[in-house]
Amino acid sequence: MRPPVTSLVTGAAGFVGSHLCERLLREGHQVIGLDVFADYYPRTIKEANLAALRGVPGFRFVEGDLTRLDLAPLVGEADHIFHQAGQPGVRPSWGKDFDVYLDCNVRATQRLLETARTVGRVQRLVYASSSSVYGETRDLPLCEDSPTRPYSPYGVTKLAAEHLCSLYHANYGVPTVSLRYFTVYGPRQRPDMGFYKFIRAALEDRPIVVYGDGEQTRDFTFVEDAVEANWLAVAAPAAGQVLNIGGGSRVSVNQVLATLEEVLGRPIRREHQPPQAGDVSHTWADTRRAKEVLGFAPKVALREGLAREVAWLKETLER
Ligand code: NAD
């Protein structure tokens, strides 16, 4: 009998990482989940993300910091690494907190890559990159060869880590794949993200804050589609590649709110505030390369995905 496949998932207590762990366990992998419970949002939320994983046979959780931990024993056990850990968020990445972004996005990734280069038998290292590497542009849709000119300190650190992945592949053959996620949403979405804040405010009958005129657009990706891209990246001949992962639902914030009003069956009050530093006007993913290389095709449309996030948040708040 073949030994079970072992996957190391960094950021396992986070939004995307916790869904990914569940999927890998369903696929029969042994999963080591690593997370430091960074205080970007409350630990209680991250513990809730992990609740369905704790006690599942094949799942082991390690609490630790990628910037400090001796990674060799964990990497040594892993066939695949899914590097989802990071300090997220565009708006808080200015000022003194930039150090945290450097540590958790750049230094953490370098330590993981260096360990994978020297230890073990890693066959795939998937890195959770971001559409924020592109920055402010009107040249849409964004393809992987579009210029990368981040517009926020966060984007700079995500791009730096992506470059580290590419150069560890080019120099040492570390089998990296970078997935540039475009705004991920769905159940367990981070509490600082737009949809979470919109839905929560609407459910609590508070006005929502819209930055700018609401005509900014995003390509929104349902979390199961982002997880599927990770799964497909394991087996695809994709080493060294950088791929856009988008949901195929590029809509404006105003359109999102109109859809949300339909899903909730009631109007949503809005307050407009000036655009925030670092926020780009538009994102729109050209996902043809991910389709070619991975066979990736997003399955969940915005309305269905929003309804699933609403149902989850309603239940969570009631609890
Ligand atoms: P999240 O904050 O919910 O999850 C990230 C997890 O990483 C957290 O639980 C945090 O505690 C952990 N972490 C941070 N620093 C760590 C360290 N030094 N050591 C160990 N663990 C650490 O964020 P998310 O939304 O699930 O995002 C996952 C990844 O995807 C991130 O790298 C993010 O930059 C990237 N990404 C997310 C989106 C999105 O829309 N959610 C879009 C583009 C890219």
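Between the amide H of V209 and those of E271, distances stay under 5 Å, these residues lying 5 or more places away or on another chain, with hydrogens modeled in the peptide plane. Distance between the pseudo-spin-label points of E77 and V293 (7 Å out from Cα toward the beta carbon): 3.0 nm. Ellipticity at 222 nm from helices only: DSSP H runs of n ≥ 4 in the chain, each -39500 (n - 2.57), divided by the residue count, give -11500 deg cm²/dmol. Once a ≥ b ≥ c are taken as the square roots of the eigenvalues of the Cα gyration tensor of the range 169-254, is the result rounded (a/c under 1.5), prolate (a/b larger than b/c) or oblate (a/b not larger than b/c)? In terms of gyration-tensor shape, prolate.
Normalised by the number of residues in the chain, what is the relative contact order in percent for Cα pairs under 8 Å and 6+ residues apart?
Details: 633 pairs, mean separation 56.4, N = 319.
18 percent.
Amide H contacts of V184 (H built 1.01 Å from N, in plane; Pro and chain starts excluded): T221 sit under 5 Å, all sequence-distant by 5 or more or on other chains.
Label-to-label distance, Q273 versus D70, with points set 7 angstrom from Cα along the beta-carbon direction: 4.6 nm.
Using the Karplus relation 6.51 cos²θ - 1.76 cosθ + 1.60 with θ = phi - 60°, the per-residue 3J(HN,Hα) values for the range 225-233 come to 5, 5, 5, 4, 4, 4, 4, 5, 5 Hz, with x marking Gly and Pro. Taking only the alpha carbons of the range 118-240, we obtain Rg and Dmax values of 17.1, 55 Å in that order.
Quick check of the Kirkwood formula: for the range 23-103, what is the inverse mean of 1/r over all pairs of different Cα atoms, in Å?
Values: mean 1/r = 0.0691 Å⁻¹.
It works out to 14.5 Å.
Once you have the Kirkwood Rh of the range 260-319 from its Cα pairs, apply Stokes-Einstein at 10 °C and 1.306 mPa s and quote D in µm²/s.
Numbers: Rh = 15.3 Å.
D = 104 µm²/s.
Roughly how far apart, in whole Å, are the Cα centres of the range 225-256 and the range 94-157? Centre-to-centre distance over Cα atoms comes out at 15 Å. Here V251 and N171 are evaluated by their C-beta separation; at R0 = 45 Å the FRET efficiency comes out at 0.65. Model label points for E136 and R2, set 7 angstrom from Cα along the Cα-to-Cβ axis, are 5.0 nm apart. Peptide packing for 170-178, 276-284 was compared via the average number of neighbouring C-beta atoms within 10 Å per residue; ordered from the highest value, the list is 170-178, 276-284. By the Cα gyration tensor, the chain has an equivalent ellipsoid whose semi-axes, rounded to whole angstrom, run 31, 22, 19 from largest to smallest. Its residues counted as N, the range 55-185 yields a C-alpha radius of gyration over 2.2 N^0.38 Å of 1.10. Apply 1/(1 + (r/R0)^6) to the Cβ-Cβ distance of S281 and F98, taking R0 = 41 Å, and write down the FRET efficiency to the nearest 0.05. So, using R0 = 41 Å, E works out to roughly 0.95.
Determine, for each peptide in 38-44, 300-306, 145-151, the mean count of other beta carbons within 10 angstrom over its residues, then list the peptides with the highest first.
On the way: 38-44: 13.7, 300-306: 18.9, 145-151: 15.6.
Ranking the peptides 38-44, 300-306, 145-151 by packing returns 300-306, 145-151, 38-44.
Taking Cα atoms only, the orientation of helix 108-118 departs from the longest principal axis of the chain by about 20 degrees.
Pairs of Cα atoms nearer than 8 Å and 6+ residues apart set the relative contact order; for the range 188-247 it is 28 percent. Pair-distance distribution P(r) for the range 164-318, from all Cα-Cα distances in 10 Å bins starting at 0: 11, 36, 30, 17, 6, 1 percent.
Rule-based calculations on the coordinates, nothing more; no lab input. For clarity, every value in this text was computed on a predicted model and none was experimentally measured. Every residue, glycine as well, gets a Cβ built from its backbone with ideal geometry; the counts of neighbours run over all protein chains shown.
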